[in-house]
Number of protein chains: 2
Amino acid sequence: MPRIAYVNGRYVPHAQASVHVEDRGFQFADSIYEVIALMNGRLADEEGHLDRLERSLSELRIALPMPRKSIRIVMRELVRRNRLKNGSIYMQVTRGQAQRDFKFPKGISPSFVMIVYNATYDTEARKKAVKKVVTVPDLRWKRRDIKSTALLPQVLAKQAAADKGAYEAWMIDDDGYISEGSSSNAWIVDGKGNLVTRPTANNRILKGVTRNALQALCKREKIKIIERAFTAKEAYKAKEAFTSSATALIAPVGEIDGHKIGNGKCGKITAKLFDLYMDYARDNPPPQQERWNPK
Amino acid sequence: MPRIAYVNGRYVPHAQASVHVEDRGFQFADSIYEVIALMNGRLADEEGHLDRLERSLSELRIALPMPRKSIRIVMRELVRRNRLKNGSIYMQVTRGQAQRDFKFPKGISPSFVMIVYNATYDTEARKKAVKKVVTVPDLRWKRRDIKSTALLPQVLAKQAAADKGAYEAWMIDDDGYISEGSSSNAWIVDGKGNLVTRPTANNRILKGVTRNALQALCKREKIKIIERAFTAKEAYKAKEAFTSSATALIAPVGEIDGHKIGNGKCGKITAKLFDLYMDYARDNPPPQQERWNPK
C-alpha cells in the first residue's frame, strides 16, 4: 500500500506530493505548520494544535484553508488511507502560489499540505532513552510565538547539538536565559524541587501545545508549576530536566553541556508527568483546558 | 512559447516547476537564493551573485549543486530557452529532500531551482518613480549575512510598508539604527553632503552585491562613501536617499515616514550613481572589484 499525502484538495501518493516552486512556503517561508501525534488511532491534543494553527495564520493574515471541521475530516481520511495507528500528522499552510513578490499577493488561496509519519510511542523505552542537551545562542527572530516554517535557526541549533552527540539544543537568549529547545519546550525541577518552565509572555517562546496540556494536567493533579526563566547555570544543577513537544512527548534529559542531571536517569517527577500525559493523550478525555486566546 | 524553468537537472514548463513537500526549502527554509538581473542580454554582477551564493551555502554546509561553470551554462540556457532580453533569474538551492527532521540529513543532494522573470530597465522612468519608505522594527534573526529563504520577517516588513502605501520598509535594529530595507540596502546623502551607508560588519545586514558594485564604482570615480550606521531621525533630514538591490537597482527615495527628502525628487548624487551603475551593468566590463571573502 503506497503512503498517501494530501495536497490542495487531492489525496496523492507521497512520492508525488509536490508544490510549485513559486509557492510562498518555498520561496519566503511564508507559512505555518503543526505536528499532531497519533497514538492508538487517537489524535493527541488535536484541538490545541488546531487552535494554534488558526492563531499563527491569523497573525500572518493567512486565511484558514478550510473550516476546522473539514480539516478534522481530512486528517481522519489521511489516517484511514494510510492505515496509520501510531505516528504523526504534519500539516503546513502557506499563503499560496504567486509570482515572486515580498508583499502579500492579492487573489490567491492558501496552499494546504498534510503528510503522515509512522512512529512508536513506547513510554518505558522513552523513559530509558535519556537525552543529552547542549546550549547554543538563540539566533531567532522576535516573533517566536508564531509557528512558522522559517526554521533555519532551529535547524542550525539542532545540528549544533547533533555535532556534539546531543539530542536537543536549548537556546540562550540575549539576557542569558534559556528560551526553549530547537523543537521543544524546556523544563527543570530546580534545587528546591519546584517544577519550572519559562513563561510564554512577550513572544519570546512558542506556546507549546504539549506544554499547555502539562499545565492543565498539573493543575488537575495539584502539582505546582513555577513559570520563570532560568539560566544554563541553574539548569546544570537541576534535580531533573526534560523537554516537551508533540511527538518527542516528554523526553527526560540526563546531561546538559556535559553536566549530569540528577543521577543521569529519568527523574521521578518527569516520569510521573510522562505517565499523566500519556494517559491523557492516549485514552482519556481531555482535561479542562484553557482554549487558545488568539489575541 | 511557454515559459521554461530549471528544476534539478531538467528544463520544464514553468507551470510544472515543482518540488516535493519534503524538500527542506519548503519545510524548514533550509535554503539559499540569489536574484540576478538580465539587462540587454547581459547578466548583471553575475560573479558577485555567484560568489555570495557559494558563501551563503558554505555557511549552511550545503554543497554547491554543480560547479560554477555549469551554473553559468544553465543560466544562459534558461535565458536562451525563454528568449529573455531583460528581466531576472531567480535561483534557489536547498539542502535537498528528506524525511522531515531538523538536523542535516545524510546522503542527500541539494535541490536546485532556477526561474526567470520579465522586466524592463528604463533608467529615466525609474528616476521619476520616486519611492516612499516607512520604518519598521527589525524582527529578523542574527545571521542577516546569509541570504536564506527564511524571509518571513522581510515579507511582513514589506507588507507593513505596502499597508501604508509605501514601497519599502527600512528596518530599525535594537540600537535604534536603520539596518537595511526588507529587500534592499539603504543609503542617504547626509546633511553635509556625504554619501552614507551602513557597514556590513557583525552579520547585522546582508552584503548587497549591488552595494558592492556601487562601492567599486565610487572608488573608481573618487566618490567618497562613509560607512556608518544612521538613525531614522537623521534619514528624515537627508538631502537624498535611495535603495540598492539587484532588480530594483538604484531606487530614489522621496519620502521617509512622511518626511520629504530633499525636494522629493531623485537627487543629483542618486542620479549619478544610477547612471554609473547602469553603464556598468549593461555594457561595461566590470570594474576591479574585491571578490567575496567567504570567511
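Computed quantities for the displayed model
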{"quantity": "Of all residues making up region A:24-38, the number that are closer than 18 Å to B:PHE112 by Cα and within 7 Å of chain B (Cβ to nearest Cβ)", "calculated": "5"}
{"quantity": "Residue tally, condition aliphatic (A, V, I, L, M) and within 19 Å of the chain's Cα centre (by Cα), over region A:212-228", "calculated": "4"}
{"quantity": "B:ALA125 under 18 Å from B:GLU255 (Cβ atoms), out of contact with any helix residue (DSSP H, G or I) (no Cβ under 8 Å at 6 or more places or on another chain) and not charged (D, E, K, R)", "calculated": "no"}
{"quantity": "Residues of region B:129-167 satisfying the condition of being farther than 21 Å from B:ARG211 by Cα and either assigned by TED's automatic domain parsing to the domain that holds B:GLU59 or not hydrophobic (A, V, I, L, M, F, W, C) (or both)", "calculated": "B:PRO137, B:PRO153, B:GLN159, B:ASP163, B:LYS164, B:GLY165"}
{"quantity": "Tally of residues being in contact with a strand residue (DSSP E or B) (Cβ under 9 Å, 6 or more places away or on another chain) and either under 21 Å from A:ALA63 (Cβ atoms) or away from chain B (no Cβ under 12 Å) (or both) across region A:110-135", "calculated": "18"}
{"quantity": "Residue match in region B:256-278 (condition: assigned by TED's automatic domain parsing to the domain that holds B:ALA129, more than 27 Å from B:ALA160 (Cβ to Cβ), at pLDDT 95 or above and basic (Lys, Arg))", "calculated": "yes"}
{"quantity": "Selected residue (criterion: nearest to A:THR243 (Cα to Cα)) from residues of region A:168-178 that are within 10 Å of chain B (Cβ to nearest Cβ) and surrounded by 22 or more Cβ atoms within 10 Å (Cβ to Cβ)", "calculated": "A:GLU168"}
{"quantity": "Selected residue (criterion: surrounded by the fewest Cβ atoms within 10 Å (Cβ to Cβ)) from residues of region B:179-211 that are part of a helix (DSSP H, G or I) and under 18 Å from the mean Cα position of the chain (by Cα)", "calculated": "B:ALA201"}
{"quantity": "Test: residue in region B:238-248 that is modelled with pLDDT of 95 or more and of a type in the set (Lys, Arg)", "calculated": "yes"}
{"quantity": "Residue check, A:ILE71 more than 22 Å from B:PHE102 (Cα to Cα), assigned by TED's automatic domain parsing to the domain that holds A:GLN16 and within 22 Å of the chain's Cα centre (by Cα)", "calculated": "yes"}
{"quantity": "Selected residue (criterion: farthest from the chain's Cα centre (by Cα)) from residues of region A:255-264 that are surrounded by 15 or more Cβ atoms within 10 Å (Cβ to Cβ) and part of a loop (DSSP other than H, G, I, E, B)", "calculated": "A:GLY262"}
{"quantity": "Boolean, A:LEU50 is closer than 30 Å to A:ARG143 by Cα and in contact (Cβ under 8 Å) with a residue 24 or more places away in the chain", "calculated": "no"}
{"quantity": "Residue in region A:1-46 that is surrounded by the fewest Cβ atoms within 10 Å (Cβ to Cβ), counting only those that are touching a Lys or Arg at 6+ places or on another chain (Cβ under 8 Å), closer than 15 Å to A:MET75 by Cβ and acidic (Asp, Glu)", "calculated": "A:GLU46"}
{"quantity": "Condition check for A:SER109: under 30 Å from B:TYR33 (Cβ atoms) and in contact with a Gly (Cβ under 6 Å, 6 or more places away or on another chain)", "calculated": "yes"}
{"quantity": "Answer residue from region A:88-109, given it is aliphatic (A, V, I, L, M) and away from chain B (no Cβ under 11 Å) and is nearest to the chain's Cα centre (by Cα) among those", "calculated": "A:ILE89"}
{"quantity": "Residue within region B:57-68 that is within 10 Å of another protein chain (Cβ to nearest Cβ), free of Cβ contacts under 8 Å to residues at least 24 places away in the same chain and part of a helix (DSSP H, G or I) present", "calculated": "no"}
{"quantity": "Given (1) within 30 Å of A:THR231 (Cβ to Cβ); (2) outside any strand (DSSP E or B), index of the condition A:LYS106 fails", "calculated": "(1)"}
{"quantity": "Flag for A:ALA150 being surrounded by 22 or more Cβ atoms within 10 Å (Cβ to Cβ) and not aromatic (Phe, Trp, Tyr)", "calculated": "yes"}
{"quantity": "Index of the failed condition, B:GLY48 passing every other in (1) under 17 Å from the mean Cα position of the chain (by Cα); (2) more than 30 Å from B:THR123 (Cα to Cα)", "calculated": "(2)"}
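Residues checked against (1) in a loop (DSSP other than H, G, I, E, B); (2) on the phi > 0 side of the Ramachandran plot; (3) surrounded by 23 or more Cβ atoms within 10 Å (Cβ to Cβ):
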site	(1), (2), (3)
A:LYS127	no, no, no
A:LYS132	no, no, no
A:VAL136	no, no, no
A:ARG140	yes, no, yes
A:ARG144	yes, no, no
A:VAL155	no, no, yes
A:ALA161	no, no, yes
A:GLY165	yes, yes, no
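The values are calculated or read from the model by the stated rules, or taken from the named source; none is laboratory data. Just so it is clear, the model here is predicted, and its values are computed rather than measured. Methodologically, a virtual Cβ is constructed for each residue, glycine included, from the backbone with ideal geometry; neighbour enumeration extends over all protein chains shown.
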